[in-house]
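First the structure, in the form of structure tokens, and then the observations on it.
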Amino acid sequence: MEIALPRGVRDYNPPEAMLLERSIEKVEGVFRRFGFYPIDTPSIESTAVLNAKAYGEESTGEMYLLKDGDEGLRFDFTVPLARYMAMNKDVPLPFKRYQIGKVWRRDEPQKMRHREFIQADVDIVGSTSVESEAEVIAAAATALESLGMRDYTVFINSRKIIDAVLESFGIPKEKSIGVIRAIDKLQKQGHEGVVSQIASLGIEQRKADEVLNFLEMEGKNDEKLDKMESSIAQSKEEVSKIRKLISLLSLYGLAAKLKVDLTLARGLDYYTGTIFEFAVMQGNQQLPSICGGGRYDNLVGIYSKKNIPAVGITVGISRIIDLMEGGIGERTYAKAFVAYIDGANAEYALSVANKMRAFGINTDFEVMGRSIAKQLEYVNALKIRFAIIIGDIERNAGKVKLRDMLTGKEETLTLEEAVEAIKAEEL
């Protein structure tokens, strides 16, 4: 039988899994420093929740539904959060939550795009302020920088600005969401492809071209906003909010990272205002976004009788790991390995290993009864820094032999001295 993984999923080998775990720990630490706290929602949601006009027709077609059709795997963490808020009406506002875990989309697998992937979300529910938008963007930026990723751009736009442009060009309101979904594919399909898709909605091709040309305007952030304000009267209020957002983000040290991109659309239907994405370049090619989000003030209201404003952002952990692969040399968390010569020393060696663990040192132990040479080969294969070698002399003296596998230096020490030596190298 030929064994293969399903399309769009992957295994993480020990070095990759360690990189993943360490990355999640760093991101979670940043979220906590920003005052966010965790919730955990089920991997499975009812299809009534998943299909409640939250994602849009295109996205619901990518969902993994269970056999009976009444339930499906979560597509993201935003809709489960909205459902949670509708079911827990007494939570203090603003509700600043984070959630990290796996989500699933039946998407076409390609580079940096998987069907099962890990993401980390922060959201602020209950605030309409631009300050809340700045806070989630800054939290994501700080999380990226904690992972050593500093060469990124934050693209900013607003769904309300796009709506104002479409209205000014005479695009019927009932067709605007289809146009927005088409614009969202600009990076993949290019200008002509998007114009063609907009035209397929029954919009004159010339008008579709004019709309896209306007949104693709070049210039500095202020120049684009000035042109938008002077050309589209109904955009002034939202342009003012974008200006304030840029000003606030400069206080977080992000001014040089910000770029107003009027073609940024984000295809999910639930966005109502400011939207943003983080992207990195590979040569001259812009890679798929590694963070993205926006304001979704009407989503909670789909599941309850009361609208509650909200804004959030997703950090794409799996995509970031794809970019970071090869960035870790560790193959185990063990800092020491207790090896022994001859089975008569096995029990003493085990007692040494357990005492080291009690002292807070991650310690591996020989469980296969191999020769000392084979044990040390294993230590080298896993790149464990220290070997504790136990023979008759060490056991009879109540001591251990500490070997630094990096330098080759050996010392016979008390267990406490060996522990101090190992801890000193970890500092």
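Read the figures in this text as sums done on the coordinates, not as results from a lab. As the structure is a prediction and not an experimental result, all values here were calculated from the model.
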Equivalent ellipsoid semi-axes - Cα gyration tensor, the stretch 194-307, angstrom: 23, 22, 18
The chain: most fluctuating residue of GLU131, GLU204, GLU416 per GNM, C-alpha cutoff 10 Å: GLU416
Shape box of the stretch 29-188 [Cα atoms, principal axes, largest first, Å]: 45, 42, 39
Viscosity 0.890 mPa s, 25 °C: Kirkwood-radius Stokes-Einstein D of the stretch 336-426 over Cα pairs, µm²/s: 192
For the stretch 123-148 and the stretch 204-282, distance of Cα centres in Å: 18
The chain: most fluctuating residue of ASN221, ASN284, ASN298 per GNM, C-alpha cutoff 10 Å: ASN284
Using alpha-carbon coordinates, inclination of helix 78-87 to the longest axis of the chain, degrees: 80
Over 22 Å between alpha carbons, listed pairs LYS185/LYS244; LYS244/LYS305; LYS335/LYS374; LYS67/LYS305: LYS185/LYS244; LYS244/LYS305; LYS67/LYS305
Whole-Hz ³J(HN,Hα) from phi, Karplus 6.51 cos²θ - 1.76 cosθ + 1.60, for the stretch 27-36, glycine and proline x: 4, 4, x, 5, 4, 5, 5, 7, x, 7
Quotient of Cα Rg and 2.2 N^0.38 Å for the chain, N being how many residues it contains: 1.24
Using alpha-carbon coordinates, inclination of helix 236-251 to the longest axis of the chain, degrees: 20
Translational diffusion of the stretch 12-53, µm² s⁻¹ [Kirkwood Rh, Cα pairs; Stokes-Einstein; 25 °C; 0.890 mPa s]: 187
